[in-house]
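Structure, as structure tokens:
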Amino acid sequence: MEGYKKCPYCGEEIPESATKCMYCTAWVNEPQATTQPQPRPVQPQPQPMHAQPQPVRQKNGPGSAGLVLSILGLVLCWVPIANVILWFLGFLFSFIGMFKRPKGKAIAGLVISIVCLVVLIVLFSVLGNALLESDAMYAMDELFNY
């Protein structure tokens, strides 16, 4: 069993047969004890990737919802009641999203909802004219068939 002694430089306990301190790397059995121990080089610890500050990304929930609803309203413009509901909700959420940042999705939602409104107006006018003409043609057929 080996005894322990204290390092004259750092004061840690080391084996008596040690010639170099394993803590401060100083030579302990060197004839000239006046030399200063070599300090251990400090290795910089690599920082993990998640420790670096990330820029905070702002989100615009109403603007995103308005964009999605406007696109759905445009795609489903041929469904009679769903097109008006989706257009209105898309327009409403896009309008609310214009007061938050970033505004990109809200602006796109507004533009698409305006396009959807134009499509709805054209669609209703074409369908209305078709219904009027079909009734008029039917009434004329009844008049001339007597």
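Of note:
- Eligible lysines near residue 6 by straight Cα distance, threshold 19 Å, same-chain separation 8 or greater: 20
- Modelled spin labels at residue 114 and residue 126, positioned 7 Å past Cα toward Cβ, are 2.2 nm from each other.
- Sequence ranges 89-96, 119-126, ranked by mean other-Cβ count within 10 angstrom, highest first: 89-96, 119-126
- Among 101, 57, 40, sorting on how many other beta-carbon atoms sit within 10 Å of each Cβ, with the fewest leading, yields 57, 40, 101.
- Cα gyration tensor, the range 61-144 - rounded (a/c under 1.5), prolate or oblate: prolate
- Here's the list of lysines a cross-link from residue 105 could span, going by alpha-carbon distance under 25 Å and ignoring same-chain residues fewer than 8 apart: 59.
- Burial ranking of peptide ranges 6-13, 103-110 (average Cβ count within 10 Å, highest at the top): 103-110, 6-13
Read the figures in this text as sums done on the coordinates, not as results from a lab. From a predicted model like this one, the values you see are computed outputs, not experimental measurements. Because the Cβ atoms are built from the backbone with ideal geometry, glycine has one as well, and the counts that use them run over all protein chains shown.
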